[in-house]
Structure formats: C-alpha cells, structure tokens
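The values are calculated or read from the model by the stated rules, or taken from the named source; none is laboratory data. None of these values were measured; they are calculated from a predicted model. Quick reminder, even Gly has a Cβ in these numbers, built from the backbone with ideal geometry, and neighbours come from all protein chains shown. Keep in mind that these areas ignore ligands, DNA and RNA; they rest on the heavy atoms of the full protein, side chains included. Shrake-Rupley method; radii C 1.70, N 1.55, O 1.52, S 1.80 Å.
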2 protein chains.
Amino acid sequence: MSAKFKRLPKHIGIIPDGNRRWAQQHGLAKEDGYRHGIAPGFALYELCLELGIPEVTFYGFTQDNTKRPAAQKQAFQQACVDAVQTLAKRDAALLVIGNHESPLFPKELLPYTKRQTFGRGLIKINFLVNYGWKWDLSFALNSHDLPDSQLHERIASRDISRLDLIIRWGGRRRLSGFLPVQSIYADFYVVDDYWPDFMPDHFFSALKWYENQDITLGG
Amino acid sequence: MSAKFKRLPKHIGIIPDGNRRWAQQHGLAKEDGYRHGIAPGFALYELCLELGIPEVTFYGFTQDNTKRPAAQKQAFQQACVDAVQTLAKRDAALLVIGNHESPLFPKELLPYTKRQTFGRGLIKINFLVNYGWKWDLSFALNSHDLPDSQLHERIASRDISRLDLIIRWGGRRRLSGFLPVQSIYADFYVVDDYWPDFMPDHFFSALKWYENQDITLGG
C-alpha cells in the first residue's frame with residue numbers, strides 16, 4: 001500500500017477533535033462522543049501499520065480538558081484507557097506521556113509511562129494523557145540530571161521525536177498545546193469532519209498533500 | 001472600519017513567506033524578493049492601526065534562515081532594518097526580539113531590543129530578528145532572577161503576549177519555529193499568495209474567518 005505514496009512522514013500527530021460536536025449532532029449527550037472515537041483510532045493504527053509509518057502520537061486529553069464537567073472527564077479518561085489497552089494486545093511499542101502524579105491520570109495507564117513493547121513492536125505509538133504543555137516545558141527546569149543540554153532535550157516529552165505531519169479532525173486550525181517543541185516544523189493538515197466520522201480517505205488525502213510539501217526545517 | 005468585524009484578535013502574528021519564490025516567478029534573483037516585502041508590511045501595519053489591533057508580531061528572520069547564502073542573508077537583514085526604521089517614524093511601541101549577542105543581528109536594531117515608543121505608541125509591534133525557538137526556550141534555563149516562575153514566564157520572548165491569530169503567506173501550513181509558546185492556542189490562517197503580492201483582502205478574509213472561531217484555550 002505504501003507504493004501509493006512517493007514519500008511518507010516518519011512521525012504523525014493525530015488531534016482527534018469533534019467528539020462532542022458529533023455527539024450533539026446525533027442527539028447524544030456530549031460525553032457519549034468519546035467512545036465513538038475509539039474505533040477510528042484503531043482503524044488509523046491499522047493503516048499506519050500497513051504503510052509502515054514508524055511513529056504515531058495521539059492527543060488523548062490535556063490538563064486544560066480536565067476543567068470540563070465530570071461526566072465528560074470520566075468519558076475521555078475511559079476512552080484513553082480502552083484505546084491503550086486495546087493496542088497492548090497488538091503490535092506496538094506504547095508510551096503514555098502526561099502528568100501521572102495527578103489523580104486525573106488513569107491508574108490503569110501507569111505501566112505505560114515507560115515505553116512497553118507488545119507483539120513485534122512494529123510501530124511506536126504515543127498517547128498524551130493528562131498532558132499539559134506548561135507541565136511538559138516546565139519539567140526542563142528541574143531536569144538537573146541533564147546539565148549541559150538545551151531546553152528541548154530536557155522536557156518531559158523528550159522521548160517523543162519531531163513530528164513531520166499533524167492531522168487535526170473537527171475543522172479547527174490550531175494546535176491547542178499539542179507538543180509545542182515537536183510541532184515546530186510539522187506540516188499541519190485539517191479535516192473538517194468530526195473524528196468519529198473518520199474515513200481512510202481523510203488520512204490518504206493528508207498523506208497525498210504531505211508528499212508535495214518541501215522539508216526545509218526552517219533553512 | 002472595525003465596525004466591519006464582530007470580534008477582532010488582540011494580537012496577530014504575521015509570517016511573511018514566499019519572498020524568494022515571488023522573486024523567481026518574476027525573473028529576479030531570490031534575494032531580491034525581500035525588499036519587495038517591506039511595502040506590504042507597512043500596508044498591513046496601517047490596516048491594523050485603523051482597526052485598532054493592539055499588538056502585531058512580524059517574523060523577520062530566524063537563526064535557521066541564517067544558513068542561507070550570504071546574498072540572501074544580507075537582503076533579509078537589510079529588509080528588517082528598513083522595516084523597523086520606517087515604523088520608528090510613525091506611531092508604534094517597537095520591540096525587536098532575537099539573539100542580539102550574535103554578529104548576525106543587525107547593529108542598527110540594538111536600540112530596539114528594549115521596547116521603544118514612537119509617536120503616540122498606538123500599537124505594539126514586535127519583530128523577530130535573528131530569532132530562534134531553541135534560543136528563546138533555552139533562555140529560561142538561565143533566568144535565575146525568576147526562581148518561582150513556570151517556564152513560559154522565563155523565556156526570552158516573555159514580553160510578547162499570547163497570539164490569537166497567525167496569518168502565513170506563501171501557502172505553507174506550518175509554524176517554522178514562530179514563537180512556540182505564544183502560538184499554543186492561536187488560530188492559524190494560510191494565504192496561498194506570496195507575501196510580496198499582499199492584498200488587504202487577504203487580511204480581511206483572515207479576520208472574517210477568525211471571528212467565527214470559538215475561543216476555548218483548550219478548555
């Protein structure tokens with residue numbers, strides 16, 4: 001399948017937005033949207049595996065998001081747990097990054113805060129769970145074990161590599177705190193459809209667009 | 001004129017890309033594009049002043065850019081000097097942010113590395129000159145005078161406020177290191193035309209689009 005593309009990104013970031021708007025559109029409570037976002041994530045994972053994409057990062061939920069009503073909070077926490085536990089039954093080198101010292105971090109995901117390899121570990125999958133950009137960056141101020149490093153080598157998410165392509169569903173054209181350091185040179189593609197309406201063609205269109213972008217890294 | 005818009009951004013970031021591609025399209029040497037980018041910047045400044053936009057940041061040149069051939073480097077350095085000196089004859093509170101300890105930083109701009117108010121100082125204008133995202137963030141590691149602050153309060157560009165809207169000319173959909181901390185929640189609008197082909201309608205279209213975006217700051 002990768003023969004369809006001249007050049008593929010090595011690391012793709014996924015912002016699966018629009019779950020709540022999708023739920024409202026379907027006459028459901030806002031929090032019901034999140035569980036409809038699990039199957040799309042798995043479908044995308046399968047496509048990446050087939051294409052041989054080496055690394056994918058999913059925006060699970062952020063510290064900003066946890067200001068939302070309790071029912072929504074529980075729903076997106078559960079969706080993240082389900083997504084990670086499903087992938088742990090497949091081929092993946094899984095890493096969950098976020099403030100896991102907080103009670104808002106689901107305990108079930110603590111084993112994944114160091115990268116765990118499952119199956120043949122064919123693809124790196126990162127989940128941001130209770131992630132915060134301030135938390136990520138401020139971590140560098142206390143990384144005293146890395147004295148001669150630059151800031152971007154000391155942040156909490158330093159085991160996540162530079163992003164080549166970020167795809168956001170749900171129409172909004174902003175990063176909303178998604179890995180500010182790794183996003184620096186990333187090409188940013190927006191799908192207007194809501195995430196639960198994910199279709200493989202969204203993804204293929206993003207990849208087709210990406211293969212015509214030049215890579216300059218600011219040079 | 002501001003009556004045309006329901007809601008205006010308080011701080012707009014400008015990525016004036018496409019100068020070199022414009023030059024090539026017009027049979028000129030690549031470096032000749034930059035001087036054609038000065039008049040558009042001034043036109044944009046005038047529109048912002050009329051609309052009452054409180055703050056605008058222009059992406060001058062970056063430390064990444066200085067790897068380019070000498071003729072280009074001299075051309076974009078000169079364009080930045082000309083742009084800042086032109087605005088210093090008008091109404092503006094000017095600030096130039098970048099690594100000014102390097103020989104790549106134009107000496108003529110040293111007086112502006114602390115904010116200087118000209119005329120009635122009706123609008124804050126920031127220029128990024130010899131700016132680097134690594135430089136900006138790593139600055140925080142040595143800001144020992146601000147011991148209890150979070151990282152984003154200690155970076156080199158901390159006097160530049162959060163961006164509401166970023167407009168990039170030249171068709172590329174990426175930030176290329178533009179103020180990673182201030183860009184976190186910014187809505188990102190891309191104009192396909194090259195910067196020297198700036199038209200007021202590009203700007204008005206961006207503002208029209210912006211007024212229909214919701215502001216959640218990740219919540």
- Item | Residue among B:ILE12, B:ILE53 that is under 17 Å from B:TYR189 (Cβ atoms), out of contact with any His (no Cβ under 9 Å at 6 or more places or on another chain) and at pLDDT 95 or above | B:ILE12
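Go over the candidates B:ALA43, B:ALA83 one by one and state the one that is at pLDDT 95 or above, away from every other protein chain (no Cβ under 14 Å), more than 30 Å from A:TRP133 (Cβ to Cβ) and surrounded by fewer than 20 Cβ atoms within 10 Å (Cβ to Cβ). Full working, then the answer.
On the way: B:ALA83 fails: surrounded by fewer than 20 Cβ atoms within 10 Å (Cβ to Cβ).
Only one candidate qualifies: B:ALA43.
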- Message: Take the residues in the range B:187-209 that are outside any loop (DSSP other than H, G, I, E, B) and among the charged types (D, E, K, R); name whichever of them is surrounded by the most Cβ atoms within 10 Å (Cβ to Cβ).
- Response: B:ASP187
- Query: When the range B:137-146 is examined, which residues are found to be more than 8 Å from chain A (Cβ to nearest Cβ) and touching a helix residue (DSSP H, G or I) at 6+ places or on another chain (Cβ under 9 Å)?
  - Reply: B:PHE139, B:SER143, B:LEU146
- Selected residue (criterion: surrounded by the fewest Cβ atoms within 10 Å (Cβ to Cβ)) from residues of the range A:52-76 that are assigned to a helix (DSSP H, G or I), touching a residue at least 24 places away in the same chain (Cβ under 8 Å) and more than 14 Å from the chain's Cα centre (by Cα): A:ALA71
- Query: Among B:GLU108, B:GLU31, which is the only one that is within 22 Å of A:THR216 (Cα to Cα) and in contact with a helix residue (DSSP H, G or I) (Cβ under 6 Å, 6 or more places away or on another chain)?
  - Reply: B:GLU31
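The rows are residues; the columns are (1) in a helix (DSSP H, G or I); (2) modelled with pLDDT of 90 or more; (3) open to solvent by 50 Å² or more (accessible area, probe 1.4 Å).
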residue: A:GLU108; (1), (2), (3): yes, yes, yes
residue: A:ARG120; (1), (2), (3): no, yes, yes
residue: A:LYS134; (1), (2), (3): yes, yes, yes
residue: A:PHE139; (1), (2), (3): yes, yes, yes
residue: A:ASP145; (1), (2), (3): no, no, yes
residue: A:SER149; (1), (2), (3): no, no, no
residue: A:ALA156; (1), (2), (3): no, yes, no
residue: A:ASP159; (1), (2), (3): no, yes, yes
residue: A:ILE167; (1), (2), (3): no, yes, no
- What number goes with the only condition from (1) more than 14 Å from chain B (Cβ to nearest Cβ); (2) free of Cβ contacts under 8 Å to residues at least 60 places away in the same chain; (3) of a type in the set (D, E, K, R) that A:LYS124 does not pass? (2)
- Considering A:PHE42, A:PHE76, which residue is among the aromatic types (Phe, Trp, Tyr) and closer than 21 Å to A:MET199 by Cβ? A:PHE42
- Exclusive hit being at negative phi, free of Cβ contacts under 8 Å to residues at least 24 places away in the same chain and charged (D, E, K, R), set A:ASP197, A:ASP201, A:ASP164, A:ASP159: A:ASP201
- Taking the range A:169-186 and keeping residues aromatic (Phe, Trp, Tyr) and in a loop (DSSP other than H, G, I, E, B) leaves A:PHE178, A:TYR185
- Out of curiosity, is B:ASN99 touching a His at 6+ places or on another chain (Cβ under 8 Å), under 16 Å from B:GLY177 (Cβ atoms), within 14 Å of chain A (Cβ to nearest Cβ) and modelled with pLDDT of 95 or more? no
- Query: Could you give every pair whose Cβ atoms fall below 6 Å, whose first residue belongs to the range B:173-191 and is more than 7 Å from every other protein chain (Cβ to nearest Cβ) and farther than 23 Å from A:ASP64 by Cα, and whose second residue is open to solvent by 10 Å² or more (accessible area, probe 1.4 Å) and part of a loop (DSSP other than H, G, I, E, B), counting only separations of at least 6 or pairs across chains?
  - Reply: B:VAL190/B:ARG173
- Message: Given the criteria more than 10 Å from chain A (Cβ to nearest Cβ), in contact with a Lys or Arg (Cβ under 9 Å, 6 or more places away or on another chain) and open to solvent by 10 Å² or more (accessible area, probe 1.4 Å), does B:ASN212 qualify?
- Response: yes
- Note on the range B:17-38: residues assigned to a helix (DSSP H, G or I) and more than 15 Å from the chain's Cα centre (by Cα) are B:ARG20, B:ARG21, B:TRP22, B:ALA23, B:GLN24, B:GLN25, B:LYS30, B:GLU31, B:ASP32, B:GLY33, B:ARG35, B:HIS36
